[in-house]
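Quick note: the coordinates plus some simple rules give every number you see, no bench work behind them. Here the structure is a predicted model, which means the values were calculated and not measured. Here the Cβ positions follow ideal geometry from the backbone for every residue, glycine too, while neighbour counts run over all protein chains shown.
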Amino acid sequence: MKRYMVWWGALFFLVMFTSLYLMLETVTSPNTGSLARSEAMEGMEAKIHMIEQDLNKNKELIADIKNWVGLLAKGDDNALGHLVKLVNEKSGDVVAVPKKDDLVKDQAQKPVAVPEALKQDSAARETAKPGEIYEVSPGEKVTVSGSMCSLSSSKGANADIDMHQVVDTLPFDNPDGGAWKQGWDVKYDPSEVSTKKLKIFVVPHSHCDPGWIKTYMDYYRQQTRNIFENMLPKMEEDSRRKFIFAEISYFSLWWDELDAMRRDRVKKLIDGGRLEIVTGGWVMPDEANTHYFAIIDQLLEGHQWLNGTLGVRPKSGWAVDPFGYSSTMAYLLKRMGFENMLIQRVHYSMKKYLSRQQSLEFMWRQQWGESF
Ligand SMILES: *[C@@H]1O[C@H](CO)[C@@H](O)[C@H](O)[C@H]1NC(C)=O
């Protein structure tokens, strides 16, 4: 009695497991949202049909089992042999659950979408052709898709300094010491100073973040507004004083508050070239993560305000706070008629390198194209 109860239990479990697995597979199969609704319905119908078939199969199986178990209970010794045979045959129908190791192996064999432009080193970038396979690191190969930007395979501008190469050679060691924390000892010969004076440019400026740790309006009420309010009388006190400002989101906010008389005073400073708008975008944009469309969009916003309100067209870019810079910004500003730009937040190792080469002033060329 006990023996065939165990068999009965085991087989019942097997059948239930098979049904549950098939049902779960149906429910969790990925829903391709892009498929037309009718196609999805057809797929659903097919699945339901499959479940029906499986259920019928299971019904037959259970009937068989019942039959043999019945015979076994009646003392038919052959019944046990038949039951064993049935289990061995039918267990082949059970869908094997993939083991975790198999899944991992499967993943590894699947082609991984590699962002080609990011994966290539600078040498490959210069020569990459669609369809060819490049080994980007030992054992790692990528194919350049036909849809890759064709400019990325151009040879690039001739430049005295190729930053791709420079970055590979810089130690980025951050030594602690010296006038610059990174170990740059500032020395000069006093006798040289008396004959050839060092020209130092002091640029009074303010950089105001419309979005950082305070809200746009909190910054304005607590800080930015005061900067503007102090700037105006202080500039008027001494005609040698100059000031630059970049973020039009704030400048326009202040301007909107001014009465006609104070607007005239500001206009006078601007027309006299003492108050200069630099870059003149709505913000000082991030350049590392932003799409160029967004950069252009906020520049348009600021420049349209400047042209429409003050008749001002900025000539110099001023980017003292973005965490990382893009040569695309240099390209965009040049195309907008800018004549100069300044960047600041560059790694000390890089500044040191350029300083030693006396190349802190440079024309920034893009990897692609020859014209700028
Ligand atoms: C700049 O403003 C002037 C005067 O209002 C206008 O004629 C001109 O079209 C504007 N330029 C641009 C690029 O919007």
Each residue of segment 41-53 in turn: what ³J(HN,Hα) in whole Hz from Karplus with 6.51, -1.76, 1.60 and θ = phi - 60°, glycine and Pro shown as x? 5, 4, x, 4, 4, 4, 5, 4, 4, 4, 5, 4, 4
Residues ILE295, ILE51, sorted so that the one with the fewest Cβ neighbours within 10 Å comes first: ILE51, ILE295
How do THR309, THR279 rank when sorted from fewest to most other Cβ atoms within 10 Å of their own Cβ? THR309, THR279
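Any chance you could run the full-extension gain for ARG345 through GLU45? It's 0.36 nm times the residue separation minus the Cα-Cα distance, nm to one decimal.
Numbers: separation 300, 0.36 × 300 = 108.00 nm, distance 6.02 nm.
Using 0.36 nm per residue and subtracting the Cα-Cα distance, I get 102.0 nm.
Run the numbers for LYS196 and ASP271: contour at 0.36 nm per residue of separation, minus the present Cα-Cα distance, in nm.
Values: separation 75, 0.36 × 75 = 27.00 nm, distance 3.39 nm.
Result: 23.6 nm gained on full extension.
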Contour minus Cα-Cα distance for ILE161 and GLN358 (0.36 nm per residue): 69.8 nm
Stokes-Einstein diffusion coefficient of segment 203-346, Kirkwood radius over Cα pairs, 10 °C, 1.306 mPa s, in µm²/s: 102 µm²/s
